[in-house]
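Single-structure report; data block below.
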Amino acid sequence: MAGALFGGAALGAAFGELLKAVLDVKDRAVKFKSILSDLAIKLEAIQPVFQEIEKLDRVLDRPVEETNSFIYRLRDAKELVLKCSKIKWWNYFKKPYYAKKLIDLENSLLKFFQMEVQALLSRDSRKILVVVNDIDEKLDRIGSSLGYGGQNSDLSICVGPCGVPGVPDFIIGMDAPLKELKMQLLKDGVSVVVLSAPGGCGKTTLAKMLCHDNEIIGSFRDNIFFVTVSETPNLKFIIQKVFQHKGYMVPEFQNDDDAINQLESLLKQIGTDPVLLVLDDVWSGSESLIQNFMFRVPGYKILVTSRFVFPRFDSTYKLELLNDKDAMALFRNSAFLPDGSSSVPDDLVNEIVKGCRGFPLALKVVGGSLRGQPEVVWRRTMKQWSEGQSIFDSNSELLKHLQTSLDALDEKIKECYLDLGSFPEDQRIPVSALMDLWVELYNLDEDGMHALANLHELSTRNLANLVFASKDASEVDGYYNEHFVMQHDLLRELAIHQSNDKPIELRRRLIMDIRGNELPKWSSEQLQQPIHARLLSVSTDETFSSSWYNMQLPEVEVLILNFRARNYFLPKFMEKMDQLKVLIITNYDFCPAEISNFPLLHSLSSIKRIRLEHVSISSLGISILELRNLHKISLVMCEIGEAFRNFPTQIPDMLPNLVEIDLDCCNDLVEFPVGLCEIVHLKKLSITNCHELDALPEELGKLASFRSAEISKVYKTARVA
């Protein structure tokens, strides 16, 4: 079949001509450069497969006619690429037509080599394996007749459909993880180990290294099976590959149960050596697949690699990102010549490496893209990043690799993931804040259970980390002040990149990360055009002192203001946010911030939830009392001062919908404001970590609608006065 596939040299020649055409045209056809560059990468990756088939071609004699259709396909592809080079720059009508054709070509090539070629190679390999087995049996008989006894050759573990692929030539930072993973796998009583990390962290590389380790080979010998599972696994096909790998006739299974039973019988037959089955790239929802491969066979082990965490299995090894030293070594290997020489200044190299944030894939992709480039290209890359351009803008390979993790998400959970990019880099995200915005944006339940379930889902997929500030934090009591989310910088940047994939006026969420006083250009250009985002996040640092443009944001429902300052002015464009339902204001400075224009809040007639963190609310005053739709107010690490004193007796009428108050870490709260006890329809009150709170007023008994309260972690025990 291999000979058929290539028709002698005909198919190889056709492939070579296509690759040459793509490489020649991609730099000339500017309008199609990104698509052709991706196509060139895929063709170069496919090239080793042709070399393998040419080797098989020398062994097998197959008919040429079977390859003609694919030869014609390659020639048509070459003609398409050459046509693209002739399209003039001003011809905008033909660009989408030919761009789609190029993308379809790329997809068809990928599908062909993932399915048809692999199936053909598998058939040919099986035929060769039959011949090898026959020769092996004859050699055994000859050896026995000479008195040497039968002895199996120590064949390479890379041979066969379930053979272990080779490892990269350059590996860094994996010695300690290899030792730890091996120790975990070889423990008595451990049958399944899940190797988990985000995409691009080196899980598969570590699994390959484990299989090539001398101690592992010594234990499992030729009973190591390496199977790539992928997103849509086929149980029967995987088991057929195992049979084929061991040189057995591949059975036709009646159903999945039959396949499982026959695999169990095979594993018990194949010898006294234990068995290691590696299931690479297992996706969420495939726990049952792993369980189908679990048998009570002595010494039988399963290693699973996944971007997700499977709590059903006890043993999980989480692969960490590279430290600074290893990250630099990996980057230099990708970016510089073998001797390590470079004219690029060290400080610039350090900044680029820092921008890759320890992700092996990012370090290799970015390093490769800068290899051999002049210093000005390096500085341009750094400048783009410093101006807010994403690392993904210039590295489509990295984006595509991590994109698959997002494509697997339910649409609502994906939206929740993208919302995480609205909070500052390297800061803990309060779960209670996320719940506020998700209740209003996605109509999630107010008790937080669905929101917490979504966060657990993101955590199991390594897209976020759910952490607790204390060991006794509960997940089921309805109070979440001890719950936080942490996210790796690169994953946050991915969320922002995904949110920015449409024009400004069409984005669902608008994220403004302002450094100094440099407002984005579009914020002034869009003055006369409304922006239709539902969520707006604005982050500023301590040097920000500019005036805001009067942007039109009529559909914003959630406004998140992140800043680091002692004094802060609310953006005046808030006054026109008629649909605003959630306002989250967070100060990340060491001291509480004074907000000078709190009265601006009275214009927010639709506001339902306000969360203020690390601000002084002494001037909040009457502003809050004019918000008739206010449902919940949260004050975290706020300086209360005189804010709640001398409230008018008409509070219940002025705040008819206020049903929840959350006070956390408000250290100058000495006594609970008696005026708030007039809100008789209040249903939920949480007071946590308010160390100076001394007493609770008797008037709390007026709260006829009261359902639940949390009074915890106060330095002085709160008592009823």
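No value in this document is a laboratory result; all are computed from the given coordinates. Please read all numbers here as calculations on a predicted model, not as lab measurements. No Cβ is skipped: glycine too gets one built from the backbone with ideal geometry, and neighbour counts run over all protein chains shown.
Data for the structure
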item: Gyration tensor (alpha-carbon) shape descriptor, region 479-619, a/c threshold 1.5; result: rounded
item: Rg/Rh for region 329-398, where both radii come from Cα atoms and Rh is the Kirkwood radius; result: 0.92
item: Phi to ³J(HN,Hα) by Karplus 6.51 cos²θ - 1.76 cosθ + 1.60 over region 686-699, Hz, x for Gly, Pro; result: 10, 10, 10, 6, 9, 5, 9, 5, 9, 8, 10, x, 4, 4
item: Within region 160-250, GluC sites (Glu not before Pro) in DSSP loop having at most 14 other beta-carbon neighbours inside 10 Å; result: Glu231
item: Region 545-569 and region 434-466: distance between their alpha carbon centers, rounded to Å; result: 25 Å
item: Within region 154-318: Cβ-based charge dipole about Cα centre, in debye rounded to nearest 20 (Lys, Arg +1; Asp, Glu -1); result: 200 debye
item: Ratio Rg/Rh, restricted to region 411-490 and using Cα atoms, in which Rh is the Kirkwood radius; result: 0.92
